[in-house]
Amino acid sequence: MRRLLWLAGVACLLVLAACSGVADLPALPREVLSLSLGPSRTPTPVPTTTPTATPTPTLTPTATPTPTATLRPAEATLRVDPPSVGQGKTLVVSVRSDRAIKARGALGGMALSFYPADNAAWAVVGIPLDAPAGEMPLQVEVTDAQGRTQTLTASVQIVANAGSVITLNIPPDKRELLEPEVTGPELAQLRAVWNEQTPLWRGSAFRSPLANVAPASAGFGQYRIFDGGALRDFHTGIDYAVPSGTPIQAPAAGRVVVAEPMKVRGNNIWIDHGWGVYSGYFHLSSLAVEPGQLVKPGQTLGTVGTTGRSTGPHLHWEMRVNGVAVDPLEWTRRAIGPVGREAGP
């Protein structure tokens, strides 16, 4: 600070000298002439720092899941054939779709058994002779390969059977065949057979079991009264009064499951046509086939007779669908099931 004041004073003297014309002034010290404010310093170089580049974080790409194609539900349509069906007749319930499906359902209180056939499922249903007349609800649940289900509904009109009432008299030596102790066990034995369902049949019209068509001597569905009321029941088949020894032919392909004598039905044969469809032939005089044998349409099964609970030579022809007796003649008039896929032996 004192140095600065001194320098300021020197500067003032110089100014005054110039103004007063003083020419000669004493020489000034070197440090004054240099007007140095202080010692000369070499500036310390500031180190240059090269910034280290901060790495930009690399984002790991998140895999975008490939969207799963959402398949639309199966396009299923329900068909009932015929939409109006009589007691003792056969109903076909089918479901068609644009893909493979499974189905289950019920008609009224009867569970239906569905079977697959080329992106479809179908069930053949026997309407009992004593089914109540009127509308019966039908409900079918359809499931595709992805497990998605949909429910289809319809109504089936059940028409009353106009069967006649007939009275029959049984010879004294055969009246024991009316007793429940005899009829019950035999029927139970056959019901166990009818409950078996095998994938043999694929649907076709049946032919007559007789080479020469004869008029029926007793129609299907008649209400019969035996010996003044000792037994009352429906006639579950069709009778043909033809001579003993007349050949009986298989009306469709199938497998023989019964070929034996029984007390009520006499010598009788039952053929399993598949999917719960059976045909039976009673009161035969002879048997030409045996259980387990595969038969073709037109193949001889046996011959007409009068064995069992019979009053004369005749053939009793019966059809059962899941154990329910149905009109055999209906099976000769239309193909029932997925036509064109009949399975031969």
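The values are calculated or read from the model by the stated rules, or taken from the named source; none is laboratory data. Remember, predicted model here, so these are calculated numbers, not experimental data. Neighbour counts are summed over all protein chains in view; Cβ atoms, including those assigned to glycine, are modelled from backbone coordinates with ideal geometry.
When you check ILE101 against the structure, is it closer than 19 Å to GLY276 by Cα and not assigned by TED's automatic domain parsing to the domain that holds PRO328, yes or no? No; evaluated as a whole, the condition is false for this residue.
Selection of strands (runs of 3 or more DSSP E) fully inside segment 196-298 by the criterion of at least 2 residues being of a type in the set (Gly, Ala, Ser), modelled with pLDDT of 90 or more and more than 31 Å from the chain's Cα centre (by Cα) returns 277-287. Considered as a group, the residues in segment 111-131 that are of a type outside the set (Asp, Glu) and assigned to a loop (DSSP other than H, G, I, E, B) include one that is farthest from ASP233 (Cα to Cα), and that residue is ASN119. The set of residues in segment 279-321 that are touching a Leu at 6+ places or on another chain (Cβ under 6 Å) and under 18 Å from PHE234 (Cβ atoms) contains only ARG309. In the condition set (1) under 17 Å from the mean Cα position of the chain (by Cα); (2) under 15 Å from ALA76 (Cα atoms), LEU112 is compliant with all but (2).
For segment 150-192, a tally of residues being assigned to a helix (DSSP H, G or I) and of a type in the set (Gly, Ala, Ser) returns 3. Of the residues screened, GLY302 is one that is small (Gly, Ala, Ser), assigned to a strand (DSSP E or B) and more than 16 Å from GLU186 (Cα to Cα). If only residues of segment 322-334 that are modelled with pLDDT of 95 or more and among the β-branched types (Val, Ile, Thr) are counted, the one that is farthest from ILE238 (Cα to Cα) is VAL324. When residues in segment 236-253 are screened for being without any contact (Cβ under 8 Å) to a residue 60 or more places away in the chain and either aliphatic (A, V, I, L, M) or crowded, with 18+ Cβ neighbours inside 10 Å (or both), 2 of them pass.
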